[in-house]
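Enquirer: Submitted below is the structure of interest, expressed as structure tokens.
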Amino acid sequence: MTAPALTTFRRTPLRHLAGVDRLAVAGGVLLGVVVLAALLAPWIAPYPDDGGSATHPLESLLPPSGAHWFGTDQVGRDVLSRVLFGARTSLLIAVAVLAISGVVGVGLGVVAGYAGGWARDVIMRVTDVFLAFPALLLSLALAVVLQPSVTTVIVAIAVTWWPWYARLTASVAASVATRGFVDSARCLGVPAPLIVLRHVLPNSLTPVLVQLSLDGGGVILTAAALSYLGLGAHEPTSEWGLMVQQGQSLFTTDWWVVTFPGLAILVTAFSFNVLGEGLRARLSR
Amino acid sequence: MTLLAAEGVTLAYGTTAVVHDVSLAVDEGGVGLIGESGSGKTTLARALLGLMRPRSGVVRYGAGDLAGLGRAGRAEFRRAVQPVFQDGSEALDPRMTAGASIAEALTTHHRMSRTERADRIAALLADVGLDPGLAARRPHEMSGGQRQRVAIARALAVEPRLLVLDEPTSALDVTVQARILDLLERLAAEHGLGYLLITHNLGVVGRLCRTSSVMFAGRVVESGPTGELLTRPAHPYTRALRDAVPRLGGEPPRAAGRTEAAAAETGCPFRLRCPLAVDRCREETPQAREVEGRRVACHRAEEVLQTPAASAPRVPHGGETPDAPRQ
């Protein structure tokens, strides 16, 4: 019964490797393009001032053309320029959220996983409390309480994001803690904090790094959702979620105002996911 | 002199006791601990290494209780007692080079200059028969035998007085096993090391250990001079183990009793596998007692000693037999 199924799923190592790498590389390249766009926005944007508060009332809602590839918005700003500047906001949020929640989550998780006992119980129960709330709802509640801003978005998302890393890291660290090299470090008399830093942490990071890259897309989507709801970035900051919100009522008449920032969200989230999937497949071989 | 001893130690994972009231002393000569997979020998080793606290009983280091040692006493214990685990690839951090692993051992208790450290690493690698150039390799870039040698070098780095060798060769090829055993024998003699050698293989203890204990289902069933145990076992389990040692040109080895049978909950734990089991074995747990120069926990030890051996006794020299398949 099982034998044919096994052979069906077996792949030659070479083809497997090539397929995996192609995926990771594609995601990496796509994300690289977004990162470059973000970094170079002030130089490559055709109308750099339009990323901010400039207005050109006479040029409002022009369709895509040679002068404005993505058209212009209600106040006459170049949509292409704003999409490029928006990449800065989105990536800043993504990096900040992943860094904060990664450091907090991995830090707590590795301690919980290695220490076990009451330390793990306390940390994991706190983690469970945070996980009990639907993530977007908790972010929304926080964003409502705080002033709408990019910082608010970062804090609101990071608060709901770290428990996932804590839980993942705790389970990986708990299994690493039973490995022979941890025992042999203990037998040498290496102090526990050093064992965690030298042995447990580095050997627990791989799955977390994969999860971080997979989650980049989710963070960008959540940030866009918060801004879309008016709880995050606000005018004149270029932010994709905000741009979608402002352009949606114009979709039937001036489709470009909402479509291009929407596509930017899609492409960036997609590239994070593809990269993460590629890394996961590669590292779990 | 006894360096390290378990006295009436019971060990448990959660509520499941896996070692029951075991006493074992490790002195300057080699001591063997023999038993099949699941007999509790590795768990006992973890307690002797201070990695696990006994549920009851005492692990004694020198004159004191291991659990009651202060910071300084603990550090001294860590320097004095080092493990060599079954698998060098497990015992070494996969992200560290051999040199870094040994350096960690060197610098945990002493400050050391960079050049002094490099010299010591090279000397230790040479001592275990490795090219000092291997210091730059990571575990996955070395063979199993090389990894085990690095693990031994790392253990020696703190200049211990005693090694706990937990199946140090069973993860290795047969030809490599013999060389690692040669190495351990030489190092123990050169450095004046005591050691506890844990194995499921009687041939290995026959060669390296003056005294031995045999464990079954978490209890020591027989202990005494290794030669005596091998030539004239007094416990049916010891005899079954000895008869299971494969030899060239001999009969195929017999399993140590009916291996599928579990340990008994009441009475003698071995009775379900024992060819000599009688009613008394079901009713009364045999206590360890002195019989002809060894301690044995069997009601019928005298009869076991009387019965002729199933095959000619033999103390094998050389390699360990390959691992028994694990369940």
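The values are calculated or read from the model by the stated rules, or taken from the named source; none is laboratory data. The structure displayed is predicted, hence computed values, not measured ones. Cβ sites come from the backbone with ideal geometry, for glycine too, and all protein chains shown count toward neighbours.
Enquirer: Kindly indicate whether any position in the stretch A:228-242 is crowded, with 16+ Cβ neighbours inside 10 Å, farther than 30 Å from B:ALA157 by Cβ and of a type in the set (Val, Ile, Thr).
Expert: Yes: one or more hits.
Enquirer: Do we find that B:ARG271 is surrounded by 12 or more Cβ atoms within 10 Å (Cβ to Cβ) and modelled with pLDDT of 90 or more in this structure?
Expert: No, not satisfied.
Enquirer: Something else about it: Restricting to the stretch A:29-65, and then to whatever is buried (at least 18 other Cβ atoms within 10 Å of the Cβ) and in contact (Cβ under 8 Å) with a residue 40 or more places away in the chain, can you tell me which residue is farthest from A:PHE251 (Cα to Cα)?
Expert: Result: A:LEU31.
Let's see how each residue does on (1) among the charged types (D, E, K, R); (2) in contact (Cβ under 8 Å) with a residue 40 or more places away in the chain; (3) in a loop (DSSP other than H, G, I, E, B):
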residue	(1), (2), (3)
A:GLY217	no, yes, no
A:ILE220	no, yes, no
A:ALA223	no, yes, no
A:HIS234	no, yes, yes
A:MET243	no, yes, no
A:THR252	no, no, yes
A:VAL257	no, yes, no
A:ILE265	no, yes, no
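Enquirer: Within the stretch B:125-135, is there a residue that is over 16 Å from B:ILE152 (Cβ atoms) and not in a loop (DSSP other than H, G, I, E, B)?
Expert: Within the stretch B:125-135 (the criterion being over 16 Å from B:ILE152 (Cβ atoms) and not in a loop (DSSP other than H, G, I, E, B)), the answer is yes, since at least one residue qualifies.
Enquirer: Select from the stretch A:164-214 the residues that are out of contact with any Phe, Trp or Tyr (no Cβ under 8 Å at 6 or more places or on another chain) and among the hydroxyl-bearing types (Ser, Thr, Tyr) and write down the one among them that is surrounded by the fewest Cβ atoms within 10 Å (Cβ to Cβ).
Expert: Here the residue is A:THR178.
Enquirer: Where residues in the stretch B:103-128 are of a type in the set (Gly, Ala, Ser) and in contact with a helix residue (DSSP H, G or I) (Cβ under 9 Å, 6 or more places away or on another chain), which of them is surrounded by the most Cβ atoms within 10 Å (Cβ to Cβ)?
Expert: If we take residues in the stretch B:103-128 being of a type in the set (Gly, Ala, Ser) and in contact with a helix residue (DSSP H, G or I) (Cβ under 9 Å, 6 or more places away or on another chain), then B:ALA105 is surrounded by the most Cβ atoms within 10 Å (Cβ to Cβ).
Enquirer: Can I ask one more? Could you please find all residues in the stretch B:75-115 being of a type in the set (Asp, Glu), within 29 Å of B:ALA5 (Cβ to Cβ) and within 8 Å of another protein chain (Cβ to nearest Cβ)?
Expert: Of everything in the stretch B:75-115, those that are of a type in the set (Asp, Glu), within 29 Å of B:ALA5 (Cβ to Cβ) and within 8 Å of another protein chain (Cβ to nearest Cβ) turn out to be B:ASP87, B:GLU90, B:GLU104.
Enquirer: Any chance the stretch B:68-80 includes a residue that's free of Cβ contacts under 8 Å to residues at least 60 places away in the same chain and in contact with a His (Cβ under 8 Å, 6 or more places away or on another chain)?
Expert: Yes, the stretch B:68-80 contains at least one residue that is free of Cβ contacts under 8 Å to residues at least 60 places away in the same chain and in contact with a His (Cβ under 8 Å, 6 or more places away or on another chain).
Enquirer: Note down all Cβ pairs under 6 Å where the first residue falls in the stretch B:7-31 and is free of Cβ contacts under 8 Å to residues at least 24 places away in the same chain, the second is surrounded by 17 or more Cβ atoms within 10 Å (Cβ to Cβ), and they're at least six residues apart or on different chains.
Expert: Close Cβ pairs satisfying both conditions: B:ALA25/B:ALA5.
Enquirer: I would also like to ask the following. Among the numbered criteria (1) at pLDDT below 70; (2) in contact with a helix residue (DSSP H, G or I) (Cβ under 6 Å, 6 or more places away or on another chain), which single criterion is violated by A:ALA3?
Expert: So A:ALA3 meets the others, but not (2).
Enquirer: If I ask for residues that are within 16 Å of B:GLY40 (Cβ to Cβ) and outside any loop (DSSP other than H, G, I, E, B), which ones from the stretch B:199-237 would you list?
Expert: If the condition is that a residue be within 16 Å of B:GLY40 (Cβ to Cβ) and outside any loop (DSSP other than H, G, I, E, B), then B:THR199, B:SER212, B:SER213, B:VAL214, B:MET215, B:PHE216, B:ARG219, B:VAL220, B:VAL221, B:GLU222, B:SER223, B:TYR237 are the ones that fit.
Enquirer: Could you run through the stretch A:112-147 and say how many residues are in a loop (DSSP other than H, G, I, E, B) and not aromatic (Phe, Trp, Tyr)?
Expert: So the count comes out to 4.
Enquirer: Next up: Aliphatic (A, V, I, L, M), out of contact with any His (no Cβ under 9 Å at 6 or more places or on another chain) and under 30 Å from A:THR206 (Cα atoms) - does that describe any residue in the stretch A:66-76?
Expert: The answer is no; no qualifying residue exists.
Enquirer: Let me ask something else. Restricting the first residue to the stretch A:171-198 and requiring it to be within 12 Å of chain B (Cβ to nearest Cβ), which pairs with a second residue that is in a loop (DSSP other than H, G, I, E, B) and of a type outside the set (A, V, I, L, M, F, W, C) meet a Cβ separation below 6 Å and a spacing of at least six or different chains?
Expert: Within 6 Å, the pairs are A:PHE181/B:ASP93.
Enquirer: Please give the strands (runs of 3 or more DSSP E) falling wholly within the stretch B:1-102 in which 2 or more residues are in contact with a Cys (Cβ under 7 Å, 6 or more places away or on another chain), crowded, with 22+ Cβ neighbours inside 10 Å and not assigned by TED's automatic domain parsing to the domain that holds B:ALA171.
Expert: Answer list for the stretch B:1-102: none.
Enquirer: Quick one: would you say B:ALA178 is in contact with a Phe, Trp or Tyr (Cβ under 7 Å, 6 or more places away or on another chain), small (Gly, Ala, Ser) and assigned by TED's automatic domain parsing to the domain that holds B:SER143?
Expert: No: the conditions fail for B:ALA178.
Enquirer: Take the conditions more than 14 Å from chain A (Cβ to nearest Cβ) and surrounded by fewer than 24 Cβ atoms within 10 Å (Cβ to Cβ) and apply them to B:ALA171. Does it pass?
Expert: no
Enquirer: Here are the criteria: (1) in a helix (DSSP H, G or I); (2) within 14 Å of chain A (Cβ to nearest Cβ); (3) buried (at least 23 other Cβ atoms within 10 Å of the Cβ). Tell me which single one B:ARG149 does not satisfy.
Expert: (2)
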